[in-house]
Amino acid sequence: MSAQSTNQILKGIRIIAFTNAYAGPYAGRLLAQHGAEVIKVESATGGLDTFRHFGKDLDSSARFIECNLGVRSLTVNLKHPAGVEIIKKLTSCSDAVLENFRPGVLTRLGLGEEELRQVNPGIIILRLPGLGEKGPKSWYGTWGFNLTAYSGMTYLWNHPDQPRPIGSQGVYPDHLSFIMAPTLLVAALLRRRVTQKGVTIDLAQAEAAAYALGVSYLEMSVNGKDPEPRGNHHPTAFPHGCYRCQGDDRWCVLSITTDEEWQKFCRIVGREDLSASPKFAGQEARSKHVSELDQIVEEWTQERSPEEVMKKLQEEGIAAGVVENGADLMEDPQLRHRNYFEHFPVSSFGPMEVPRSALRFGGMSDDPLALPSKLGQDTEAILKDLLGYDEETIQEWKKEGVLD
Amino acid sequence: MARSLLSGYRVLDISSAKGAFCGKFLCDLGMEVIKVEPPGGDDLRREPPFAQGRSDGETSLSFAYLNAGKRGITLDLTCPAGRNLFLDLLQRVDVVLESSGPDYLEKLNLGYSVLTERQPKLILVSLSGFGQSGPYSHFKSPDIVTTAMSGLLYVSGDPELPPCMPPETQSYYYASLYAAYGVMLALWRREEQGKGVHIDTSIQASLAIHEHVAFTYSAEGKLVKRAGSQHQHVAPANLFRCQDGYIALFATHRHWPILLEIWEDHPPELDDPRWKTDTERRAHADWLNPLLESFTSRYKKEELAHLLQKRGVPGLPVNTPSDFQKDPHIQAREFFTSVTHPEIGEYQQPGVPFTVDGERPKPAAPAPTLGQHNEEVFGQELDLDQQALDHLASEGVI
């Protein structure tokens, strides 16, 4: 296979990653997935990635492996002056630095924007601070979970008229940030082709979350009051929602927008008696009888599997789907058709399958994903082959604890 | 200068709701995005919420937000004259963004191979519910269907209630951001190798990476379930009542002893060393959470967040949109930006969520009114004079 026909588009780009937990590492993984050489810097003394602690040993955390596929590992103690020197030398032959430490941490270590740019004016710096690098609360500790709350998303992520906010256990702001980050980084690379200069980009994760709630913010601004949580309701589709199906915790969704779809639906569910009812004739009328509609729908769905509901309705051109759980996703024929899962028969965790990418590039092969390097696996090779340090120096540093 | 992170690139955005956020993000990266609508207007113009309750095609807030900063032209791609104008415009663009579903462009004889005859280095980005081929590719795929079929819906909401959709159209937004990454990769390849490409983006696949739903089952054989805001592995990590709302509080083994110090009169049994481990606390979260709420409910949410943060415990208030917008931190960062729209009037919208060399790129303009830039684009790019434009308009082509 010729080099041009694979998806390794970023081959030749070298990125230093000071990344921890989810958003930063996954951003690095997405770049590595397309051929960038991503060198993750950690230190047993200075700090290891939090996700390493979720396994039986530091290399066997499934969560860590998922978020760091294809990433190389360099262990350097940044609190030692020689450690800082090593990173500066590495910066001089790299294209970008990706980091999601708390604001100010790298600067305090002597590896701030100015120091890095002094070594390499073309270096691109991409930071992912929770609340931004500046501002009265920039020092606050944030996790995806509390950023969801802070951004307004938890409040809006609820069924109507609930006594308490509910939200999600998930860390959606991390997801938004880790998909925006590689885009920003490649955008900066494209810009550098023209200007020959590096830039520093700060993506504030809380703002990324609010950016994905812009319509609600506009509504608030224009109407002068907060929008209410909408749950599974839709302003122009009736019925529209999530309905109980046969089985334990099995659900389907469906959405009906036109009269034609409603008529078809009545026929499919054997309720021709409703077809002529003025109560449900036209969108306007249906919008006034939402709870009754929901009841009618659920009477039918609860006797069926979500797969049957989806098949029967989609065959007739009505939007419906299975509320898929983890097991469903692994068997989903559409995802399988897209060759969505990378199968690792062997890893330090054990056999597993990992989601790859939402993108298919026409005429290009999807190169297989690689497992992350073991902790410190690439340290010697990077110091010797890439940075040109001799064996003696490396041994000396090992003794002094520079390379822990 | 900050505004021009990617100046010099041009996008024709012929997508509707599914891809609008992609065009918006590319616009905020500094690309020039021209929104192409059918003469009757994009469907999104008819989507609520509306300003002042008016649904006249210019007051949809969904349309206003997702198309801010784009220029707008009208063009009927289904008629020969419209199709030809579109092909003429291609010579001046780098990227075409579409979300019309598999085969639609082929049926109009505007498939990728036809487009590249006019613009050999063209990048075509397709966004669709399930991708351009496969057993579900022709399924109807509104936001609720793709959210359900990606696993995100199953893990969202209260376990006592049906699964709950996230606000707005997150599956469209997320796939749009993913597609934008595809555009960057394709541009990079084009600069290096001089080639265009057709990118097939699946909305389902974009969200299916989320929350380790698939992966946890594959790796550990476990089904991730709905748990409200209760974190899977950590407790207390949930929403707790305060005097004036709720706080999202997250305390691992590192934060737990500090939390007990701040909570001076905590029940003595919490000093038992068994509660030092994350797994023990998580296993008894149902017992622990109400106890902690007796402490949090003595405070206002902002006050408690500050008190906890000062000691290194990551608490943040559960904000409504107006709480967030008024937050002094967000105000100091000048995140929100004021926009004046000819029909909607003046309003505040979230700005660009990143800074370039410390400067926040500002969105240039409100969303276009229907056909606002027809003269500018067709006139300047294709040298059409007023007479020709009038003729096209009267024929319903533009």
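The values are calculated or read from the model by the stated rules, or taken from the named source; none is laboratory data. None of these values were measured; they are calculated from a predicted model. Glycine gets a Cβ as well: all are built from the backbone with ideal geometry, and neighbour counts include every protein chain shown. The area values use the complete protein model at the heavy-atom level, side chains included, leaving out ligands, DNA and RNA. Shrake-Rupley method; radii C 1.70, N 1.55, O 1.52, S 1.80 Å.
Summary table
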| quantity | calculated |
| --- | --- |
| Gyration tensor verdict on the range B:1-147 (Cα atoms; rounded if a/c is under 1.5, prolate if a/b is larger than b/c, oblate otherwise) | rounded |
| Where trypsin sites (Lys or Arg not before Pro) fall in DSSP loop in the range A:200-263, at most 14 other Cβ within 10 Å | A:K225 |
| Max mean-square fluctuation residue, GNM over chain B, Cα-Cα springs under 10 Å, options B:G23, B:G351, B:G245 | B:G245 |
| Neighbourhood net charge (15 Å Cβ-Cβ; Lys/Arg +1, Asp/Glu -1) for B:A17 | -1 |
| Computed over the range A:315-402, the ratio Rg/Rh where both radii use C-alpha atoms and Rh is Kirkwood | 1.24 |
| Most positive-pole-ward Cα, A:M220, A:T183, A:H240, against dipole of the range A:175-267 from beta carbon charges | A:T183 |
| The range A:240-326, relative contact order in percent, only Cα pairs under 8 angstrom and at least six apart counted | 41 |
| Surface share of carbon and sulfur [accessible, 1.4 angstrom probe, percent] for chain B | 48 |
| Cβ charges +1 (Lys, Arg) and -1 (Asp, Glu), total dipole of the range A:240-326, debye | 140 |
| Distance from the range A:12-78 to the range A:105-178 (C-alpha centre basis), Å | 18 |
| Heavy-atom accessible surface of the range A:240-326: percent carbon and sulfur, 1.4 Å | 45 |
| B:R311 accessible area, 1.4 Å probe, all protein chains in place, Å² to nearest 10 | 110 |
| Loop-resident sites, the range B:278-368, for GluC sites (Glu not before Pro), counting at most 13 other Cβ within 10 Å (DSSP) | B:E334 |
| Qualifying aspartates and glutamates (Cα of each under 15 Å from Cα of B:K310; at least 8 residues distant if same chain) | B:E261, B:E302 |
| Compactness of the protein assembly as shown - radius of gyration and Dmax, Cα, Å | 26.3, 89 |
| Dipole magnitude of chain A about its Cα centre (Cβ charges: Lys, Arg +1; Asp, Glu -1), debye to nearest 20 | 1060 |
| In the range A:284-369, the GluC sites (Glu not before Pro) that fall in loop regions by DSSP, at most 16 other Cβ within 10 Å | A:E303, A:E316 |
| Taking the range B:237-320 and dividing mean pair separation by its residue count, relative contact order in percent (alpha carbons under 8 Å, at least six apart) | 47 |
| Fluctuation leader among A:G112, A:G28, A:G70 - chain A, Gaussian network, Cα springs under 10 angstrom | A:G112 |
| ³J(HN,Hα) computed for each position of the range A:396-404 - Karplus, 6.51 cos²θ - 1.76 cosθ + 1.60, integer Hz, glycine/proline x | 4, 4, 4, 5, 7, x, 6, 9, 5 |
| FRET efficiency estimate (nearest 0.05) - Cβ-Cβ, B:T369 to B:A81, R0 35 angstrom | 0.95 |
| Cα-Cα over 21 Å, subset of A:K89/A:K398; A:K40/A:K384; B:K70/B:K140; A:K264/B:K140 | B:K70/B:K140 |
| Buried solvent-accessible surface, both chains (A, B), 1.4 Å probe, Å² to nearest 100 | 12700 |
| Full-extension gain in nm, B:E106 to B:D390, via 0.36 nm per residue minus C-alpha separation | 99.3 nm |
| Accessible solvent surface per residue of the range B:176-246, calculated while the other protein chains remain in place, 1.4 angstrom probe, Å² | 25 |
| Extreme residue, positive dipole direction of the range A:20-163, given options A:T75, A:I125, A:F54 (C-beta unit charges) | A:T75 |
| Check: the range B:237-320 dipole with +1 on Lys, Arg Cβ and -1 on Asp, Glu Cβ, in debye | 300 |
| Distance from the range A:321-395 to the range B:286-329 (C-alpha centre basis), Å | 38 |
| Integer Hz, Karplus 6.51/-1.76/1.60 couplings in order for the range A:314-331, x for Gly and Pro | 5, 4, 9, x, 9, 5, 7, x, 7, 7, 7, 9, x, 5, 4, 4, 5, 9 |
| Solvent exposure of the range A:240-326 as accessible area per residue, Å², 1.4 Å probe | 44 |
| C-alpha center-to-center spacing [the range B:53-132, the range B:151-214] in angstrom | 20 |
| Lys/Arg +1, Asp/Glu -1 at C-beta; the protein assembly as shown dipole; positive extreme among A:C266, A:L156, A:S348 | A:S348 |
| Residues of the range A:345-363 buried by at least 20 Å² on assembly (accessible area, 1.4 Å probe, chain alone as reference) | A:F349, A:M352, A:E353, A:P355, A:A358, A:L359, A:R360, A:F361, A:G362 |
| Around B:F335: net Lys/Arg minus Asp/Glu count, Cβ-Cβ under 14 Å | -2 |
| Volume in Å³ per residue [convex hull over Cα atoms, computed for the range B:244-398] | 213 |
| Max mean-square fluctuation residue, GNM over chain B, Cα-Cα springs under 10 Å, options B:L105, B:L291, B:L66 | B:L291 |
| Rounded if a/c under 1.5, otherwise prolate or oblate - the range A:274-363, Cα gyration tensor axes | prolate |
